[in-house]
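Have a look at the structure below before the remarks.
Each value in this text was obtained by applying a stated rule to the coordinates, not by laboratory testing. Here the structure is a predicted model, which means the values were calculated and not measured. So basically every Cβ, Gly included, is an ideal-geometry build from the backbone, and we count neighbours across all protein chains shown.
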Ligand SMILES: [Zn+2]
């Protein structure tokens with residue numbers, strides 16, 4: 001959810017500037033490109049590209065990450081991260097009014113606090129996916145730690161609703177594209193989902209502007225990013241506006257489980 005975090009753009013711009021400065025020094029003073037300088041010049045753009053890829057770029061770049069549904073039909077997928085929490089009750093009520101279905105990427109720790117919400121999500125036809133245990137960013141974590149985050153959450157979901165099939169979808173926290181997480185997901189038979197329509201409800205407290213952002217950017221097959229964590233009261237108010245607008249544009253909301 002921090003794709004728009006200015007820190008990463010600052011890193012991007014600063015590394016480009018560092019490379020340009022080094023080239024200018026070389027041209028003006030004959031400063032040598034050999035040894036550690038050459039390595040530095042090579043590494044800065046590579047690091048820069050890596051940061052952009054992992055933290056900023058909204059594209060999957062050929063990796064097995066679903067950003068949007070491959071369809072031209074008027075369907076969209078609503079997705080909620082960071083729950084369940086107290087706000088999830090109201091979100092489920094609102095979705096249920098018009099029989100809209102969504103996908104919830106849950107935190108294992110929160111699942112242990114609200115197991116009844118996992119049962120309700122399954123009973124009402126929503127998809128339950130894995131976010132993490134406690135929202136640790138997978139970038140920088142070792143394979144064992146990623147496995148622990150995912151497997152503990154899968155187990156919490158299973159304990160909350162033993163009759164439901166195991167979760168098949170994973171959304172790494174912040175949407176950061178950790179290659180280790182992707183390899184792990186592939187080995188476990190999990191599909192990784194990102195999003196194509198960011199409501200930015202994690203940093204906006206105005207329900208109308210959250211809803212407008214979705215309304216103006218939604219396209220056929222969009223995966224819409226929303227949140228149902230403990231600080232998501234604006235999302236609860238924005239959701240009826242979003243659903244009304246989607247309905248007006250003839251979009252049907254589908255859970256990821258139904259599409260694949
Ligand atoms: Zn999250």
Exercise for review: Normalise the Cα radius of gyration of the stretch 216-256 by 2.2 N^0.38 Å (N = residues in it) and let me know the number.
Suggested key: 1.22
Practice item. In square nanometres and to one decimal, what's the mean projected area of the convex hull around the Cα atoms of the stretch 65-259? Key: 9.7
Revision key, fill the gap. Expressed in nanometres to one decimal, the distance between label points 7 Å along Cα→Cβ at residue 112 and residue 17 is 4.5
Review point. Rounded to the nearest 500 deg cm²/dmol, what is the calculated helix-only ellipticity per residue at 222 nm for the chain, with -39500 (n - 2.57) per DSSP H run of length n ≥ 4?
Key: -15500 deg cm²/dmol
Check your understanding: In µm²/s, what is D for the stretch 60-151 at 10 °C and 1.306 mPa s, where D = kT/(6 pi eta Rh) by Stokes-Einstein and Rh is the Kirkwood radius from Cα pairs?
Key -> 108
Exercise for review: Pairs of Cα atoms under 8 Å, at least six residues apart: use those to get the relative contact order of the stretch 108-260, whole percent.
Suggested key: 20
Revision key, fill the gap. Most fluctuating of 169, 183, 133 in the GNM of the chain (C-alpha, under 10 Å) is 183
Review point. If you build a Gaussian network model of the chain, linking Cα atoms that sit under 10 Å apart, which residue out of 49, 170, 107 swings the most?
Key: 49
Review point. Which residue fluctuates the most in the chain, going by a Gaussian network model with Cα springs under 10 Å, if the choices are 196, 245, 19?
Key: 19
Exercise for review: State the Cα centre-to-centre distance between the stretch 101-149 and the stretch 160-209 in whole Å.
Suggested key: 9
Review point. Calculated FRET efficiency, residue 70 and residue 249, Cβ-Cβ r, R0 25 Å, to nearest 0.05?
Key: 0.80
Revision key, fill the gap. Expected unfolding gain across residue 204-residue 217 under the 0.36 nm per residue rule, minus the alpha-carbon gap, is 3.1 nm
